[in-house]
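For reference, the structure is listed below as structure tokens.
The values are calculated or read from the model by the stated rules, or taken from the named source; none is laboratory data. This one's a predicted model, so the numbers in the text were calculated from it and none came from an experiment. Neighbour counts are summed over all protein chains in view; Cβ atoms, including those assigned to glycine, are modelled from backbone coordinates with ideal geometry.
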Amino acid sequence: MCYPSDHNDGVFIPNWAMWFVVQLDEYARRSEDRALVDRLKPRVEALLKWLEKYENSDGLLEKLPSWVFVEWSRANDFVQDVNYPSNMLYAGVLDAVARLYDMPSCREKAGRLRETIRNQSLRERFFADNALRKEDGSLEVTRNFSEVCQYFAFFFGVADKDRDPELWRILMEDFGPKRQERGLWPEVHPANMFIGNMLRMELLSRDGRSAQILQECVDYLMYMVRRTGTLWENMQDAASLNHGFASHTAVTLFRDILGVRVIDLKARLIRIVLPDAPLESCSGVVPVGSGAVSLSWKRSGRTITYHAEVPEGFRLMVTAMPGLEAVAE
């Protein structure tokens, strides 16, 4: 269901096409497959041309067709007429295209789009999910607030912790797996497993919050593991109980808890950042081509003793989170 592919009922999800471009950008940065990126350029350009048809006078996507999908939460009730999470994603797409194909005009357009979203959507404390087109032609921003919308704002650079310190504090300290239990911010509809909780983990990762990631993984996921031995599509057991998207948790754990932070095939570099996590030891193996990165570590106080092996021809860079000392075996 990714435009312009076909589906037997004609339904497609325009958001999935945009996420594909974001994923392609990540793929290009961590792989050597420039040929695939170049072959996809006509498809990416065609997608941008198609999206432009839905830009309103403010440059925002409005009334996207078919199934506009943010996530399985109340956020999916707020997808028309102007859906701000979709437009935040659109800004991310434009930045990705600028990097992929050296198109600075897309980067400039993304910057303008972010400021427009911010000026319209930020209402006092939170970003609103959508705006509706009134009969007189004006656009009215709603007071529909979802947790996932706030994560989209930070993930795609509409907000940042320096510009929005209080909202960042709320997200980091008040939101998360126990927010509803604590009765905090009931006016903001909670996120679901995919994609809100996954975006939250990415934001925690960017901020180096390994201990919080570990605890929230337990709070968000352990009850699933205990019931079915798998990870689910939703927080509830009403859909897929062995969902592909949930596998991103493995990326989170290997990157933020084990510490294999970067695998750069182009530069032949493995970068390890040993985490400040409440574990005595951790070990894991990450496949890299025909070889693998193997890492194990033990912690004693503020010292982490590690052993790492990387494929032949790769350089290894090891650091530790601030306040910790990394010592090779």
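Figures for the structure shown
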{"item": "Among residues of segment 127-151, those that are in contact with a Ser or Thr (Cβ under 9 Å, 6 or more places away or on another chain) and either modelled with pLDDT under 95 or closer than 20 Å to L184 by Cα (or both), counted", "result": "7"}
{"item": "Check on T230, out of contact with any strand residue (DSSP E or B) (no Cβ under 9 Å at 6 or more places or on another chain) and on the phi < 0 side of the Ramachandran plot", "result": "yes"}
{"item": "Restricting segment 51-92 to residues that are among the acidic types (D, E) and over 22 Å from the mean Cα position of the chain (by Cα), the residue that is farthest from D237 (Cα to Cα)", "result": "D58"}
{"item": "Search result, residues across segment 283-293 that are surrounded by 11 or more Cβ atoms within 10 Å (Cβ to Cβ) and either out of contact with any Leu (no Cβ under 7 Å at 6 or more places or on another chain) or over 27 Å from Y27 (Cβ atoms) (or both)", "result": "S283, V285, V286, V288, G289, G291, A292, V293"}
{"item": "Answer from D136, D102 - the residue that is over 19 Å from the mean Cα position of the chain (by Cα), within 24 Å of V37 (Cβ to Cβ) and in the same structural domain as N56 (by TED's automatic domain parsing)", "result": "D102"}
{"item": "Lone unmet requirement of (1) under 30 Å from R34 (Cα atoms); (2) buried (at least 23 other Cβ atoms within 10 Å of the Cβ) for R114", "result": "(2)"}
{"item": "Qualifying positions in segment 71-125 - closer than 16 Å to P14 by Cβ and outside any helix (DSSP H, G or I)", "result": "E71, F78, V79, Q80, D81, V82, N83"}
{"item": "A292 vs. criteria outside the structural domain of F314 (by TED's automatic domain parsing) and either of a type outside the set (K, R) or under 27 Å from W19 (Cβ atoms) (or both)", "result": "no"}
{"item": "Criterion: of a type in the set (A, V, I, L, M, F, W, C), exposed (fewer than 13 other Cβ atoms within 10 Å of the Cβ), modelled with pLDDT of 95 or more and outside the structural domain of N234 (by TED's automatic domain parsing) - qualifying residue of L47, L36", "result": "L36"}
{"item": "Residue, farthest from S210 (Cα to Cα), within segment 154-178, restricted to residues that are touching a residue at least 24 places away in the same chain (Cβ under 8 Å) and aromatic (F, W, Y)", "result": "F156"}
{"item": "Residues (of a type in the set (A, V, I, L, M, F, W, C) and farther than 18 Å from D164 by Cα) located in segment 114-146", "result": "A131, L132, L139, V141"}
{"item": "Residues within segment 247-262 that are assigned to a helix (DSSP H, G or I), aliphatic (A, V, I, L, M) and more than 13 Å from the chain's Cα centre (by Cα), tallied", "result": "4"}
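Okay, residues lined up against (1) assigned to a helix (DSSP H, G or I); (2) without any contact (Cβ under 8 Å) to a residue 60 or more places away in the chain; (3) surrounded by fewer than 16 Cβ atoms within 10 Å (Cβ to Cβ); (4) touching an Asp or Glu at 6+ places or on another chain (Cβ under 6 Å):
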residue	(1), (2), (3), (4)
W19	yes, no, no, no
V22	yes, no, no, no
D25	yes, no, no, no
E32	no, no, yes, no
L51	yes, yes, no, no
D58	no, no, no, no
